[in-house]
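*Asks:* This structure is in structure tokens; I'll ask about it shortly.
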Amino acid sequence: MTSISPHQGPIRVGVVGLRASGGWAAAAHVPALAGLDGYELRALSASSAESARVAAEKYAVALSLGSAEELARSEEVDLVVVTVRVPEHLELIRPALEVGKTVFSEWPLGADLGQAKEMADLAHRRGLLTAVGLQARSAPPLRYLQDLVAEGSNSPSPLPSSSLRTAEVRASHDSHVAVHLCRRTGVFRDPPTVMFIHSYT
């Protein structure tokens, strides 16, 4: 692994959007970082300095910062992880890229193609490492299906009906979430597309 840390030691991670009340950062990023060698959850920012302080206390994070900009400027942070809703991505990611930080953003990168392109272009011009998270593509059932398709499997397995049932189960949950996002943000207009892009891209 190529280190992005300018000092000897683990890559120091700052999470934007880690809340004491839970959420995706608490459920996924905190345990993942705890289980990875070479990474340290060093800082966080939340919607206010007080909520950041409470979250830092709950998750035993050394630095609680009042804003994403402050987190991005911190010399104690090598990697900025953005785990908030999509409409806020541009305003939270741009400051990190402008100061030369490596960024991991949850999918999708921007509220529209223009925002995504703006952030990608800024990262490219500055020569920065970036990543966008799509965790569903690594799920074992989806990897298995991908392998079967890649092999051109002709086995008489119940692959089509299993795939359809899995998609239907996921759609019943994900469509509800996506419809909510569509109504609140106007970002997503086709809930099934959200589900399939998140799983297969």
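*Asks:* Any idea which residue in the stretch 123-144 is surrounded by the fewest Cβ atoms within 10 Å (Cβ to Cβ), counting only those that are assigned to a helix (DSSP H, G or I) and at pLDDT 90 or above?
*Replies:* Ranking the qualifying residues of the stretch 123-144, first place goes to Arg125.
*Asks:* Working carefully through the options Gly114, Gly14, Gly9, Gly100, find the one that is modelled with pLDDT under 95 and not in a helix (DSSP H, G or I).
*Replies:* Of the residues listed, the single one that is modelled with pLDDT under 95 and not in a helix (DSSP H, G or I) is Gly9.
*Asks:* Report the residue count in the stretch 110-125 for those that are closer than 11 Å to Glu98 by Cα, within 16 Å of the chain's Cα centre (by Cα) and not hydrophobic (A, V, I, L, M, F, W, C).
*Replies:* Number satisfying all stated conditions: 0.
*Asks:* Of the residues in the stretch 10-44, how many are of a type in the set (S, T, N, Q) and in contact with a strand residue (DSSP E or B) (Cβ under 6 Å, 6 or more places away or on another chain)?
*Replies:* Count: 0.
To keep it simple, each residue is scored yes or no on (1) touching a residue at least 24 places away in the same chain (Cβ under 8 Å); (2) crowded, with 17+ Cβ neighbours inside 10 Å.
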{"residue": "Arg85", "(1), (2)": "yes, no"}
{"residue": "Leu90", "(1), (2)": "yes, yes"}
{"residue": "Glu98", "(1), (2)": "yes, no"}
{"residue": "Pro108", "(1), (2)": "yes, yes"}
{"residue": "Asp112", "(1), (2)": "yes, no"}
{"residue": "Asp121", "(1), (2)": "no, no"}
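*Asks:* Considering only residues that are over 20 Å from Glu118 (Cβ atoms) and in a helix (DSSP H, G or I), which ones fall in the stretch 66-96?
*Replies:* Correct list: Glu70, Leu71, Arg73.
*Asks:* I'm checking my understanding of the structure. Among residues of the stretch 70-83 that are in contact (Cβ under 8 Å) with a residue 60 or more places away in the chain and not hydroxyl-bearing (Ser, Thr, Tyr), which one is surrounded by the fewest Cβ atoms within 10 Å (Cβ to Cβ)?
*Replies:* Of everything passing the filter in the stretch 70-83, Glu76 is surrounded by the fewest Cβ atoms within 10 Å (Cβ to Cβ).
*Asks:* For the stretch 17-28, which positions are closer than 12 Å to Ala56 by Cα and either among the hydrophobic types (A, V, I, L, M, F, W, C) or part of a loop (DSSP other than H, G, I, E, B) (or both)?
*Replies:* Across the stretch 17-28, the qualifying residues are Gly17, Leu18, Ala20, Ser21, Ala26.
*Asks:* Provide a single number: the residues in the stretch 34-65 that are assigned to a helix (DSSP H, G or I) and surrounded by fewer than 21 Cβ atoms within 10 Å (Cβ to Cβ).
*Replies:* 10
The values are calculated or read from the model by the stated rules, or taken from the named source; none is laboratory data. Everything quoted here is computed from the prediction, not taken from an experiment. Positions of Cβ are backbone-derived with ideal geometry, glycine not excepted, and every protein chain shown enters the neighbour counts.
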